[in-house]
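The next block holds one structure in the form of structure tokens; read it before the comments.
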Amino acid sequence: MTEIAVVGAGLMGHALALVFAIGGHKVRLTDNNPATLERAPGLMATALATLTEAGEVDASKDRQWLSTAVRCVPDLGETVKGATVVVEAVVERPDIKRAVYGQLETLMDPDAILASNTSNLDIFPLVPPGLEKRTVIAHWYTPPYLCDLVDLCPGPHTDPAAVATVRDIVAAMGKVPVVFKQMVQGYVANRLQAAMQLEVYRMLDEGLVTPKDIDDSVLHGLALRIPILGIMAKADFTGLLLMQQGLKNRSYTPPEPRDRSESLDALIEAGRTGVMAGKGYFDWGDASPEDLFRERDRKLLALKQALRAIGPMEPK
Ligand SMILES: NC(=O)c1ccc[n+]([C@@H]2O[C@H](COP(=O)([O-])OP(=O)(O)OC[C@H]3O[C@@H](n4cnc5c(N)ncnc54)[C@H](O)[C@@H]3O)[C@@H](O)[C@H]2O)c1
């Protein structure tokens, strides 16, 4: 058992605290917004209940267990003192991350590792010299108690032992670390997602398709194969000659990167900001966001369990 500190108790932070607690670690969670820290135990308990109902977590890990496994601590110094790994999950703003790293340099134990959950930032230039050797990016996907991928990146000065320690902790919890040799901005999954998203915005903005056309195509076309084959094994099954021909016969021009989408802006303008607002691209009726997240989690769990039983196509 390792002591883990999680700094930032928002969407990712509370869920990461739960993941490490389920993984057998002693966790302290903090946030500089008292209301966010107060909300965290309820959110963790809801997610934990979904996991125990699905048999993913032993039923003895109940609400009472959770209250001792994850301690919510308002003070940053108290949170990180004695922790082997400090998970940083504060807002995605360089100025705020830089300020937090400055505080952590003086508060963390001398050998403790800083693991940032940043989605897109190259955080290494923001880290003070005293933390450079022991800072890694450990990037999770939401919800991290269901998504197993963890991207691990060292910075230019990171000690390889720090990466190995985080990799081993993550792997021991049944997660799947992908270790990059250096910072790969966007990692693999977020880069692919960003490329796909550009195409989605273009097709919607040009009025070529509806949101339902896109999801029908993904759910009934792309999605069935990806969980078993990924992208690269699928290419082998398609045949690389056809892949080569596909590159030559390219029948359209890929979208230019752009920083806005008219169709997205119009939805937001109309208050259609997604599930939290009850509507976005689709209408989600009167169901509460909590119920919708629970339904999503149950379905994801059922899929995950089925995929675990089926297994991927393994190269022979
Ligand atoms: N949301 C996602 O799907 C997702 C997925 C992977 C990675 N991430 C990354 O995780 C990090 C957190 O994202 P989020 O979605 O949880 O954001 P969030 O806004 O839900 O939570 C961030 C929390 O940080 C807190 N905070 C801000 N300054 C602080 C400080 N000085 N000390 C302590 N707490 C502080 C805020 O009060 C807030 O509760 C970001 O770097 C983001 O890029 C997010």
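Nothing in this text is a laboratory measurement; each read-out follows from the coordinates by a stated rule. Every value quoted in this text rests on a predicted model; they were computed, and no experiment measured them. Glycine also receives a Cβ, built like all others from the backbone with ideal geometry; neighbour counts cover every protein chain displayed.
With a sphere of radius 12 Å drawn around the Cβ of TYR201, what net charge do the other residues whose Cβ falls strictly inside it have (Lys, Arg +1; Asp, Glu -1)?
Here the count lands on -4.
Using Cβ counts within 10 Å as a stand-in for footprinting exposure, how do PHE282, PHE293, PHE20 rank, fewest first? Display every interim value, and only then the final one.
Details: PHE282 12, PHE293 18, PHE20 25.
Fewest to most other Cβ atoms nearby, the residues stand as PHE282, PHE293, PHE20.
What are the ³J(HN,Hα) values, in whole Hz, obtained from phi via the Karplus relation 6.51 cos²θ - 1.76 cosθ + 1.60 with θ = phi - 60°, for each residue of the range 45-59 in sequence order, with x given for Gly and Pro?
Going residue by residue, I get 5, 4, 5, 4, 4, 4, 5, 6, 4, 7, x, 7, 10, 4, 5 Hz, with x marking Gly and Pro.
Within the set of other residues whose C-beta is less than 14 Å from the C-beta of GLY82, count the net charge using Lys and Arg as +1 and Asp and Glu as -1. Display every interim value, and only then the final one.
Working: positive: LYS26, ARG28, ARG71, LYS81; negative: GLU3, ASP75, GLU78, ASP109, ASP111.
Here the count lands on -1.
Give me the distance between the Cα centres of the range 138-173 and the range 18-70, rounded to whole Å.
With the range 138-173 and the range 18-70 each reduced to a Cα centre, they are spaced 20 Å.
When the Karplus curve 6.51 cos²θ - 1.76 cosθ + 1.60 is applied with θ = phi - 60°, which whole-Hz ³J(HN,Hα) does each residue of the range 3-20 get, with x for Gly and Pro?
8, 10, 10, 10, 9, x, 10, x, 3, 8, x, 5, 6, 5, 4, 4, 4, 5
Listing TRP140, TRP284 from the residue with the fewest other Cβ atoms within 10 Å to the one with the most, what is the order?
Working: TRP140 23, TRP284 16.
Lowest to highest Cβ neighbour count: TRP284, TRP140.
Output the 0 to 90 degree angle, nearest 10, between the alpha-carbon long axis of helix 160-172 and the longest principal axis computed from the alpha carbons of the chain.
On a 0 to 90 degree scale, this one is about 80.
Rounded to whole Hz and in sequence order, give me ³J(HN,Hα) for the range 72-86 from the Karplus expression 6.51 cos²θ - 1.76 cosθ + 1.60, θ = phi - 60°, writing x for Gly and Pro.
For the range 72-86, the Karplus-derived couplings read 8, 10, x, 8, 5, x, 5, 5, 8, 4, x, 7, 7, 10, 10 Hz, x marking Gly and Pro.
Could you give me the percent of Cα pairs per 10 Å distance bin for the range 199-310, shortest bin first, beginning at zero and ending with the bin that holds the maximum distance?
Bin by bin from 0 Å, the calculated values are 11, 27, 34, 23, 5, 0.
Below 11 angstrom from the Cβ of ASN117, what's the summed charge of the other residues (Lys, Arg +1; Asp, Glu -1)?
On the way: positive: LYS97; negative: GLU88, GLU92, ASP151.
Net charge in that neighbourhood comes out at -2.
Averaging over all projection directions, find the projected area of the Cα convex hull of the chain and quote it in nm² with one decimal place. Walk me through the numbers on the way to the answer.
On the way: hull surface 74.5 nm².
Averaged projected hull area, Cα only: 18.6 nm².
Quick one: plug the Kirkwood hydrodynamic radius of the range 3-179 (C-alpha pairs) into Stokes-Einstein at 4 °C, 1.567 mPa s, and report D in µm²/s. Please report the intermediate quantities before stating the final value.
Values: Rh = 16.0 Å.
Answer from the Stokes-Einstein relation: 81 µm²/s.
In terms of modelled amide H atoms, which long-range or inter-chain residues lie less than 5 Å from the amide H of VAL87?
ALA5, VAL6, VAL7, ALA115
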